[in-house]
Amino acid sequence: MRLGLALGYAPPGTNPTELIALAQEAERLGYDSAWAAEAWGTDAVTVLSWLAATTTKLRVGSAILQMPARTPAMTAMTAATLDLMSGGRFLLGLGTSGPQVVEGWHGQPWGKPLGRTREYVEIVRTALRREELEHHGDHYEIPYRGDGATGLGKPLKLMARPLRADIPIYLGAMGPKNVALAAEIADGWLVVWASGARFRDTFGDPLDEGFARGGRERSTFDIAAWVPVVVTDDLEVGYGVVKPQLALYAGGMGARGTNFYNSLIRRYGYEAEAEQIQSLYLEGKKLEAAAAVPDALADEVALIGPPERIAERLEAWRESGVTTLMVSARDLESIRAMAELVL
């Protein structure tokens with residue numbers, strides 16, 4: 001099992017450059033990769049450019065680039081450039097985000113994300129192979145021939161010469177159909193708030209379905225799980241770090257009935273708790289929502305405690321099938337402890 005460092009996105013009021021030192025230490029310790037995210041604040045591409053310029057061996061990945069924010073062709077250009085400038089270290093993680101961000105921030109229709117994702121990945125791969133780009137699907141038409149078209153568009157191919165035509169593509173996914181799609185068409189899968197103990201029961205069937213559809217072997221596929229890590233002798237302190245994050249995602253990252261994180265927690269068997277967390281959060285009672293997160297749930301989706309306790313709980317992750325453990329931590333003690341325990 002490899003280690004990645006999940007840098008996430010810079011919290012409001014902070015500067016992403018504050019995260020770079022963590023990644024440099026992770027590289028020194030033998031971490032395989034570092035990942036930057038985006039929501040509706042700092043973007044991932046700028047952070048990854050800075051990160052690639054200040055490291056030498058660490059692979060740099062997007063977790064995720066929001067597909068509604070960029071055309072597939074623009075994403076191919078960005079991926080080719082980052083990979084070229086980093087010496088072949090870029091990992092392209094893509095995702096749809098959720099309806100509130102897609103429509104509320106990017107001004108794009110939510111539509112049918114499964115079909116759009118399939119076409120998006122196909123277009124990106126075609127562009128990276130420097131083939132003439134022509135695509136006529138339900139979601140993308142290249143060259144564009146619809147309303148308002150001049151008729152002057154013609155198929156083009158990428159001017160730049162990519163260092164790699166096969167830059168690894170990861171998909172962020174949680175629902176069964178999305179997980180199956182990732183296993184079918186992508187090189188890896190990015191998952192957040194996964195439970196090591198329930199991993200195979202929750203995701204095994206969708207993964208197998210996707211591998212079968214794509215005619216692929218599991219050994220060629222990277223499963224990268226984002227896991228919060230808090231090294232502390234005081235479990236209550238650790239829970240106090242993880243529970244507000246979990247409440248934010250399960251309670252506030254989506255509308256009632258359309259919150260993918262909340263749905264995932266329900267699939268773990270915490271239906272009543274998921275309902276309570278979301279209700280409290282949407283009522284503006286964020287502290288109460290965090291307090292409603294069970295200790296057992298926090299322990300399932302995070303690694304909390306002194307190193308010896310984390311070592312014991314790592315066994316579930318080793319048996320889960322996860323191949324890259326993406327450590328989400330903002331302190332050097334936790335990053336170093338995980339290197340000692342895993343590497």
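The values are calculated or read from the model by the stated rules, or taken from the named source; none is laboratory data. Since this is a predicted model, take the numbers as computed values, not measurements. Please note: Cβ atoms are built from the backbone with ideal geometry, for glycine as well, and neighbour counts cover all protein chains shown. For the accessible areas, the whole protein counts, side chains as well, though only heavy atoms, and no ligand, DNA or RNA atoms are used. Shrake-Rupley method; radii C 1.70, N 1.55, O 1.52, S 1.80 Å.
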Report task. Counting other Cβ atoms within 10 Å, keep those with at most 12, restrict to DSSP loop, and tell me which GluC sites (Glu not before Pro) in the range 266-343 are left. Result -> 283, 319
Report summary line: Heavy-atom accessible area of the range 87-154 with neighbours in place, 1.4 angstrom probe: carbon+sulfur share in percent works out to 48 percent
Report summary line: Projected onto the charge dipole of the chain (unit charges on the beta-carbon of Lys, Arg, Asp and Glu, signs +1, +1, -1, -1), the Cα from 168, 99, 252 with the largest positive-side position is that of 168
Query raised in the report: Give me the Kirkwood hydrodynamic radius of the chain in Å, from all C-alpha pairs, to one decimal place?
Result: 20.8 Å
Query raised in the report: Averaged per residue, what accessible area in Å² does the chain show with a 1.4 Å probe, protein chains only?
Result: 46 Å²
**Report entry** Residue-by-residue Karplus 3J(HN,Hα) for the range 83-98, coefficients 6.51, -1.76, 1.60, Hz, glycine and proline x
**Finding:** 5, 5, 6, 8, x, x, 10, 8, 10, 9, x, 10, x, 8, 6, x
Report summary line: With a 1.4 angstrom probe the carbon and sulfur portion of accessible area for the range 216-343, in percent, totals 51 percent
Query raised in the report: Which aspartates and glutamates does residue 177 reach when only Cα atoms under 20 Å apart count, and residues fewer than 8 places away in its own chain are ignored?
Result: 119, 122, 138, 187, 201, 205, 208, 209, 217, 222
Report task. Can you send over the carbon and sulfur percentage of the accessible area for the range 1-49, probe radius 1.4 Å, protein chains only? Result -> 55 percent
Report summary line: To the nearest 0.05, the calculated FRET efficiency linking residue 295 and residue 71 through their beta-carbon distance, R0 being 45 Å, is 0.50
Query raised in the report: Against the longest alpha carbon principal axis of the chain, how many degrees, from 0 to 90 and to the nearest 10, is the axis of helix 271-282 turned?
Result: 80 degrees
Report summary line: Simple spin-label estimate for residue 248/residue 18, 7 Å along Cα→Cβ, in nm, reads 1.2 nm
Report summary line: Note, residue 221: beta-carbon cut-off 12 Å, +1 each Lys/Arg, -1 each Asp/Glu, net -3
Requested in this report: Mind checking the range 72-132 for GluC sites (Glu not before Pro) that DSSP puts in a loop (not H, G, I, E or B) and that have at most 13 other Cβ atoms within 10 Å?
Outcome: 131, 132
Query raised in the report: Can you pull the accessible area of residue 156 for me, 1.4 Å probe, Å² to the nearest 10?
Result: 110 Å²
Query - Partners for residue 286 among lysines (Cα-Cα distance below 29 Å; same-chain residues under 8 apart left out) - result: 243
Query raised in the report: Under Stokes-Einstein, with the Kirkwood radius over Cα pairs standing in for Rh, what whole-number D in µm²/s applies to the range 199-284 at 25 °C and 0.890 mPa s?
Result: 161 µm²/s
Query raised in the report: For helix 44-53, what angle does its Cα long axis make with the longest principal axis of the chain, in degrees from 0 to 90 and rounded to 10?
Result: 80 degrees
Report task. Mind jotting down the distance between the C-alpha centroids of the range 166-207 and the range 69-113, whole Å? Result -> 18 Å
